[in-house]
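Undergrad: First, the structure itself, so that you have it in front of you.
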Amino acid sequence: MNKKRRLEKILDMLKIDGTITIKEIIDELDISDMTARRDLDALEADGLLTRNHGGAQLLSSKKPLEKTHFEKKSLNTKEKIDIAKKACSLIKDGDTIFIGPGTTLEQLALELKGRKGYKFRVITNSLPVFLILNDSETIDLLLLGGEYREITGAFVGSMASTNLKAMRFAKAFVSANAVTHNSIATYSDKEGVIQQLALNNAVEKFLLVDSTKFDRYDFFNFYNLDQLDTIITDNQISPQHLEEFSQYTTILKVDVS
C-alpha cells in the first residue's frame with residue numbers, strides 16, 4: 001500500500017472513534033512501527049490530527065485547525081486573482097452559475113462584478129460572495145439560507161441542501177482545502193455536502209485551487225476529480241502533480257501576473 005492510501009486509511013480510522021493507536025495502525029495496515037509513526041507525523045504536519053503517547057487523536061473542536069476567512073484571504077493572493085480571471089472568462093451571457101465559499105471564489109465574484117455587457121444569474125451559499133455582488137445591476141443574485149458558519153461565511157445544513165436540490169446550473173465553481181488521489185476535500189462535512197450537491201446539479205463542473213492544495217489532506221472528501229470537467233490552478237503546480245492529477249481531469253494552468 002502506497003503512502004497516500006495509508007494516510008487516507010488512517011484518517012478513515014480516526015473518523016470512526018476520534019483516536020487511534022500505533023498498534024491499531026500496524027495491525028490494520030500491516031506496516032512497521034517506524035512507518036506508522038512517520039505517517040502520523042505527516043498527518044500532524046498537515047494539521048489533521050495531534051500526536052499523543054502511543055498514537056494520535058482528532059483535534060478538539062475547541063481548537064480547530066481550520067484557517068479563518070481572514071487567514072485564508074492573505075494567502076497566495078496573486079494566484080487566486082489570476083485563477084479567478086480565467087474562470088470568469090468561461091462564463092457566458094445568460095448563464096446560471098453556482099459559486100461556493102472560499103477566498104478564491106470571492107476573487108471570482110470581484111471579477112464578475114467588474115464585467116460589463118453580460119447578464120447572468122448567480123446562486124451562492126457564501127455571504128462574502130453575496131455581499132460583493134449584491135449591488136450589481138446585471139447579476140440576478142440568490143443567496144441560499146441555512147445554518148451559518150462564521151469561520152468561512154458559508155450557509156450550510158438541511159435548509160440550504162433542500163433549496164439546492166431543486167436548482168440546475170450551467171456551471172458550478174467550487175474550491176477545496178486539499179486535492180489528493182482522485183478526491184477533493186474540505187474541513188467541514190456540511191460545507192462539502194453543499195458543494196457536492198451543486199456540482200451534481202451542474203452541466204459543467206469547475207474546481208478553483210492554487211497549486212499549494214495538491215497532494216494535501218483534509219477531513220471530508222466531497223467529490224472525485226474524475227467527475228469534474230476542469231481544475232483551474234496556477235502555473236506553480238509541479239510537473240509531478242500535473243502529470244498525476246491530469247489522469248483524472250483537465251487541468252488549466254494560468255500564468256501568475
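The values are calculated or read from the model by the stated rules, or taken from the named source; none is laboratory data. Keep in mind it's a predicted model, so treat the numbers as computed, not measured. Glycine also receives a Cβ, built like all others from the backbone with ideal geometry; neighbour counts cover every protein chain displayed. For accessibility, only protein heavy atoms count, side chains too; no ligands or nucleic acids. Shrake-Rupley method; radii C 1.70, N 1.55, O 1.52, S 1.80 Å.
Undergrad: Any idea which residue in segment 232-241 is surrounded by the most Cβ atoms within 10 Å (Cβ to Cβ), counting only those that are in contact with a Lys or Arg (Cβ under 9 Å, 6 or more places away or on another chain) and either part of a strand (DSSP E or B) or of a type in the set (G, A, S) (or both)?
TA: It comes out as T233.
Undergrad: Cβ contacts < 8 Å: first residue among the aliphatic types (A, V, I, L, M) and buried (at least 19 other Cβ atoms within 10 Å of the Cβ), restricted to segment 105-134; second residue at pLDDT 95 or above and assigned to a loop (DSSP other than H, G, I, E, B), any location; separation 6+ or different chain. Result?
TA: That search, which allows pairs on different chains as well, returns L105/S175; L112/I91; I123/L144; I123/M167; V129/P101.
Undergrad: Among the residues of segment 153-194, what is the count of those that are among the small types (G, A, S), out of contact with any helix residue (DSSP H, G or I) (no Cβ under 7 Å at 6 or more places or on another chain), closer than 26 Å to G47 by Cβ and outside any strand (DSSP E or B)?
TA: Number of matching residues: 2.
Undergrad: Now for a separate question. Every residue in segment 197-215 that is surrounded by fewer than 20 Cβ atoms within 10 Å (Cβ to Cβ) and within 18 Å of T96 (Cα to Cα), please.
TA: Passing the criteria: N200, N201, V203, E204.
Undergrad: Right, something else. So is D226 in contact (Cβ under 8 Å) with a residue 24 or more places away in the chain and either at positive phi or out of contact with any strand residue (DSSP E or B) (no Cβ under 8 Å at 6 or more places or on another chain) (or both) or not?
TA: yes
Undergrad: On to the next question. Show the residue pairs that are 6+ apart or on different chains and have beta-carbon atoms under 8 Å apart, the first residue being within segment 190-205 and assigned by the TED database to the domain that holds R121, the second being assigned to a strand (DSSP E or B) and basic (K, R).
TA: K190/R149; E191/R149; L199/K205; A202/K171; V203/K171; E204/K171; K205/K171
Yes or no, residue by residue, for (1) open to solvent by 10 Å² or more (accessible area, probe 1.4 Å); (2) closer than 16 Å to F98 by Cα:
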| position | (1), (2) |
| --- | --- |
| K165 | yes, yes |
| V174 | no, yes |
| T180 | no, no |
| D189 | yes, no |
| T230 | yes, yes |
| E244 | yes, no |
| Y248 | yes, no |
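Undergrad: Sticking with this one: Would you point out which residue out of K92, K85, K80 is over 18 Å from the mean Cα position of the chain (by Cα), surrounded by 14 or more Cβ atoms within 10 Å (Cβ to Cβ), at pLDDT 85 or above and farther than 30 Å from L14 by Cα?
TA: Sole residue among the options that is over 18 Å from the mean Cα position of the chain (by Cα), surrounded by 14 or more Cβ atoms within 10 Å (Cβ to Cβ), at pLDDT 85 or above and farther than 30 Å from L14 by Cα: K85.
Undergrad: When you check R168 against the structure, is it charged (D, E, K, R), touching a residue at least 40 places away in the same chain (Cβ under 8 Å), under 17 Å from D189 (Cα atoms) and assigned by the TED database to the domain that holds I83, yes or no?
TA: no
Undergrad: Being more than 23 Å from N177 (Cα to Cα) and among the hydrophobic types (A, V, I, L, M, F, W, C) is the filter here, so list the residues in segment 1-58 that pass it.
TA: Residues satisfying the conditions are M1, I20, I22, I25, I26, L29, I31, M34, A36.
Undergrad: Regarding K92, is this residue part of a strand (DSSP E or B) and either in the same structural domain as L199 (by the TED database) or farther than 20 Å from I231 by Cα (or both)?
TA: No; evaluated as a whole, the condition is false for this residue.
Undergrad: Just one of (1) touching a residue at least 40 places away in the same chain (Cβ under 8 Å); (2) closer than 10 Å to I184 by Cα trips up D210, so point out which.
TA: (2)
Undergrad: Restricting attention to segment 145-152, does a residue exist that is over 15 Å from P101 (Cα atoms) and either touching a helix residue (DSSP H, G or I) at 6+ places or on another chain (Cβ under 9 Å) or not assigned by the TED database to the domain that holds L207 (or both)?
TA: Looking for residues that are over 15 Å from P101 (Cα atoms) and either touching a helix residue (DSSP H, G or I) at 6+ places or on another chain (Cβ under 9 Å) or not assigned by the TED database to the domain that holds L207 (or both), one finds none in segment 145-152, hence no.
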